[in-house]
Structures are given as C-alpha cells and as structure tokens.
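Below is one structure; the comments refer to it alone.
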Amino acid sequence: MKKTFGILFGFFCLAMLDSIFAFAFPIDFTYTKMSAAWHFYLAGILVFVRDKPWLNRMLIGAFAGIIRDLFFTGTFPFCFLFYPLLGLAAGVYQNKARSMESACVIYISLIFLVDFIPYLYQRMTGITNVSLFTWFYHIELLTILTSSLVVIATIYVDLVMDRFYLFQSRMIKRSQNRRRLIDRRKVPNTNHPRPSA
C-alpha cells in the first residue's frame with residue numbers, strides 16, 4: 001500500500017467516524033444529559049502535521065478544513081480558516097513538547113479551542129445564555145475525555161504506520177539492490193574476454 005493512498009484513506013476513515021458518532025450520539029443542546037463532540041478527523045490532522053514545515057502545516061490544514069466544511073459539516077468557512085491556525089500551532093508547540101504526554105496535552109488543548117471559540121461567539125452574540133460551567137460539564141468534559149483517547153490512539157497508529165512505511169522502503173531498496181546485483185552478473189565482462197579454444 002502506497003503511503004499517499006494510506007494517508008488519504010486514513011483521513012477519510014476518521015472523517016467518517018466523526019459523522020457516524022455524531023449521528024449515533026448527537027449533542028444534547030438542551031443540556032439535560034452529558035454528550036460529546038467528536039474530533040477523530042481533527043486529531044488525525046494535528047498528529048499528521050506536527051513535524052511538517054510551517055507552510056505545509058497551514059496548507060494541509062486549509063485543505064483538510066475546506067474538505068470538512070464542504071462535505072461533512074457544512075460550516076464553511078470556519079474549518080477552512082481555523083484549521084490552518086491549529087496546524088501551525090500544533091507544530092510550534094510540538095517543538096516545545098518534551099515528552100509524548102505534553103504533546104497530547106497540547107493537542108487536546110487545541111481541540112478544546114475548536115469547541116470553546118464557537119461557544120464564546122454564541123455567548124457574546126446572545127445566541128445562547130448557557131453558563132460556561134453548564135456547557136463544560138454537559139458537553140466539553142466528555143469531549144475532552146474522548147478526545148484524549150482519540151489523540152493517544154492516533155499517535156500510536158501514526159508511530160506504527162511510520163515504522164511500517166520505513167520497513168517497506170527498506171525492503172524495496174533491498175530488492176532493488178538484489179536485482180541490480182543479478183543484472184550485473186548476467187552482463188558479460190568485456191574487459192576480460194574468455195580465451196578462445
């Protein structure tokens with residue numbers, strides 16, 4: 001399996017998981033029970049772009065954001081504008097993270113911003129009058145817990161896939177070297193022709 005296809009297929013699966021879980025477990029905006037917002041897709045983006053150059057992080061974030069806006073959520077241009085900033089921040093803070101645990105905290109904090117900024121906008125414009133504590137307890141608390149598990153699982157899968165593709169590239173190089181060695185043996189040596197009988 002080629003790496004580009006694997007990455008695109010992985011992001012498609014993460015986006016579908018977001019849609020499936022959002023349909024199966026919708027957010028309760030009556031705030032009578034606990035619910036969660038699902039961020040499989042965003043967690044995958046943050047983990048994927050963390051070690052890329054800053055321009056690549058922003059371009060990947062913008063592309064991933066517009067795909068989510070147009071095909072999965074219909075929130076254009078929120079993700080298109082916000083995901084590049086998240087990708088940029090993920091790389092900046094990744095360089096300061098001293099351990100995998102601190103990197104996870106950084107990604108979860110960025111995911112929290114994706115939920116908190118719309119809530120803050122709705123609160124400031126009067127669309128909602130729900131208190132911060134009520135919103136956090138009924139929606140964001142479970143979101144943070146599930147996002148933590150998603151981030152940890154995504155990092156683990158990313159590390160496994162990196163090792164798989166590294167192993168695959170080494171095997172391809174070995175097979176190419178063997179073919180070259182076999183081809184060299186098949187070519188007759190013209191510098192030292194065999195003596196005629």
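Note down the net charge around F82, summing +1 for each Lys or Arg and -1 for each Asp or Glu among other residues with Cβ under 15 Å from its Cβ. The answer is 0. Per-residue accessible area (protein heavy atoms, 1.4 Å probe) orders T134, T143 as T134, T143, starting from the largest. Rolling a 1.4 Å probe over the heavy atoms of the protein chains gives segment 88-178 an accessible area of 66 Å² per residue. Taken over segment 1-60, the alpha-carbon convex hull comes to 104 cubic angstrom per residue. Using only alpha carbons, the chain has a radius of gyration to Kirkwood radius ratio (Rg to Rh) of 1.24. The count of lysine pairs in the chain whose Cα atoms are under 21 Å apart, excluding pairs fewer than 8 places apart on the same chain, comes to 6. With respect to the chain, whose longest principal axis is taken over its alpha-carbon atoms, helix 54-68 is tilted by about 60°. Residues whose amide H falls under 5 Å from that of D51, counting only those 5 or more places apart or on a different chain, are absent, with hydrogens built in the peptide plane. Based on C-alpha pairs under 8 angstrom that are at least 6 apart in sequence, the chain has a relative contact order of 24 percent. Here the chain is treated with +1 on each Lys and Arg Cβ and -1 on each Asp and Glu Cβ, and its dipole about the Cα centre works out to around 1900 debye.
The values are calculated or read from the model by the stated rules, or taken from the named source; none is laboratory data. These numbers come from a predicted model, not from an experiment. In this analysis, Cβ positions are derived from the backbone assuming ideal geometry, glycine residues included, and neighbour counts consider all displayed protein chains. The area values use the complete protein model at the heavy-atom level, side chains included, leaving out ligands, DNA and RNA. Shrake-Rupley method; radii C 1.70, N 1.55, O 1.52, S 1.80 Å.
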